[in-house]
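The values are calculated or read from the model by the stated rules, or taken from the named source; none is laboratory data. Owing to the predicted nature of the structure, the values given are computational and were not obtained by experimental measurement. So basically every Cβ, Gly included, is an ideal-geometry build from the backbone, and we count neighbours across all protein chains shown. All accessible areas refer to the heavy atoms of the entire protein, side chains included, with ligands and DNA or RNA removed. Shrake-Rupley method; radii C 1.70, N 1.55, O 1.52, S 1.80 Å.
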Amino acid sequence: MKISQFFLGSAIAALLASSATAAPVAAAAPAPVAQGPVIPGVCILSVNQAITTSTVGRYVSDRMNQIVAQVKAELTPEDTAIATDGRALEAQRTTLDAATFQSRAQALQNRVNALRQKADLRQREVQATEQKSLNRIAQELDPIARQLYAQHRCSLLVNKEAVMIANPEMDITTQAVAGLNARIQQFAFDREHLDTAQAASR
């Protein structure tokens, strides 16, 4: 039996990649373009920008980074121990009889499989945690957007992510961020525990 080894780096990379609130890469400023007139009744709001640049959005990003670090701290020692034991068993291959080697290799493979399952569970928990926290911010943003819609006498509110270029005078995102900052700065949350939730539903 070939001894498999689980490399935690790929699992942690997936966890980090799943974090939509991670700081965006700075992009070059677009060249200015000639603007047409403001379209009466049409307003534009970047929901993503409002969430990620708000105080509470940055707080969620920082908290998610802490949660990912906690998961990494939990899984890394197990991964290191498996790798160490795997190398030790491989070094003993010539001194062990076939049955003993196969038995120990299978036990090690079982540990590999268990760690993979745990890493997959933690990744799904991180994703669920992030989604729940972003949904909370979106709920806080909704009445602010409605209030701005009324104040600006909008007839149509368009998500900026669906628009390539628009006259910035129709953009109410900055005001939405200010409203969100005034409404909420942070809220306590921890990693979701999907195994507990699944057990409770049975």
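A compact table of results
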item: Full-extension gain in nm, V33 to L194, via 0.36 nm per residue minus C-alpha separation; result: 53.1 nm
item: Label-point gap, in nm, between Q151 and N48 - each point 7 angstrom along Cα→Cβ; result: 2.5 nm
item: P(r) tail fraction, segment 96-162 - alpha-carbon pairs more than 17 Å apart, %; result: 68 percent
item: Rounded if a/c under 1.5, otherwise prolate or oblate - segment 74-123, Cα gyration tensor axes; result: oblate
item: Where F189, F101 fall by accessible area, highest first, once all protein chains stay in place (1.4 Å); result: F189, F101
item: Calculated FRET efficiency for the pair Q131/D85, C-beta based, R₀ 25 Å, to 0.05; result: 0.10
item: Accessible heavy-atom area order of T95, T53, highest first, probe of 1.4 Å; result: T95, T53
item: Under the Karplus curve 6.51 cos²θ - 1.76 cosθ + 1.60, θ = phi - 60°, whole-Hz ³J(HN,Hα) for segment 122-134, x wherever Gly or Pro sits; result: 5, 4, 5, 5, 4, 5, 5, 5, 4, 4, 5, 5, 5
item: Cα pair distances in segment 46-202, grouped into 5 Å bins until the bin that holds the longest one, percent each; result: 1, 8, 13, 13, 11, 10, 9, 8, 7, 6, 4, 4, 3, 2, 1, 1, 0
